[in-house]
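The values are calculated or read from the model by the stated rules, or taken from the named source; none is laboratory data. Since the structure is predicted, the reported quantities are computational estimates derived from the model, not experimental observations. No Cβ is skipped: glycine too gets one built from the backbone with ideal geometry, and neighbour counts run over all protein chains shown. Accessible surface areas use protein heavy atoms only, side chains included; no ligands, DNA or RNA. Shrake-Rupley method; radii C 1.70, N 1.55, O 1.52, S 1.80 Å.
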Amino acid sequence: MTVVEQAPSTPRPVPVRIGGPRGGPPLSTVLRKDNWRLQPALTVLGLLGFIGYATWAALRNGDFYAGNVGRDYLSPFYSPCLTHSCATNGYAWSDWSWWRVSPAFLILVFPGAFRATCYYYRKAYYRSFWMSPPACAVPDAGSTKPSGIRTKYTGETRLPLILNNVHRYTWYFAVVFAGILTWDAIAAFRFSGSVGVGVGTLIFVVNAAFIWAYTLGCHACRHLCGGGVKKLSEAPIRHWFWKNISNGLNAHHQLWAWCSLFSIIFTDLYTYLVASGTITDPKIF
Ligand code: FES
């Protein structure tokens, strides 16, 4: 538990208001005794690691489908398969020969927009990258500057942050992608003319489960279920969805955000290793 000692000399907190000064006590007077720098540092490492891996995976433009070794494993970075380069593997939703660069770039823009505008990730990168503020009861980085655009608190009222308001719309795309990844998990049970379960099959199923847990736990989904209802007791079905999404998924949204992020990496890496012949996918039954 975070410990903040109260002392008579503690500066009064600066109220947060649009156009007002950025808040927080001077760094020299922070009374937190715990290692409050650790969480933002880990978040920076995790998000930069994902961005680095996703960039490599998208530029790789190969070994994203394991059909060559008798497995219907398709990397989530390349799903759905839309271009000519996917069609050559015999597993494609389309055959766009006019698309010349990596098909991953067609895909990543949608889940990328969904995650970049997610309420949890916003908190994560505001705190970790912009230190705005980096943690509770420590100063906003902008409040320590003598002048400049970050000395005033503007919230999400200006470009580019105002664009974060599109989050509720990106959710609909995210649902479509969760459905496609579910289809990929079902396809992962196909083994060259038969049905089976390999280690990769389990990885794809777990990945789809994490993606659904993250997507359905979205605050926009929660609002869709229970928002605008004056009396939930008179809307039992919506109440049931709102209650279960709130308690089961939304309450742990941060956890599902990280689990799904790592499972995407792991699923792509496993597919790459199997497709490139680096490892053999063990068949369980
Ligand atoms: S709030 Fe995180 S996905 Fe919508």
26 Å Cα-Cα reach of K152 towards lysines, excluding residues that sit fewer than 8 places from it in its own chain: K123
Sites W93 and F262, calculated FRET efficiency, Cβ-Cβ separation with R0 35 Å, nearest 0.05: 0.85
Under 16 Å from the Cα of K243 - aspartates and glutamates, other chains or at least 8 residues apart: E234
Solvent exposure ordering (accessible area, 1.4 Å, most first) of S102, S233: S233, S102
FRET efficiency, 1/(1 + (r/R0)^6) with R0 45 Å, evaluated for Y169 and L269 via beta carbons: 0.90
Inter-site label distance for W240 and V69 at 7 Å from Cα along Cβ, in nm: 4.4
Label-point separation in nm, W183 to R32, each point 7 Å along Cα→Cβ: 4.5
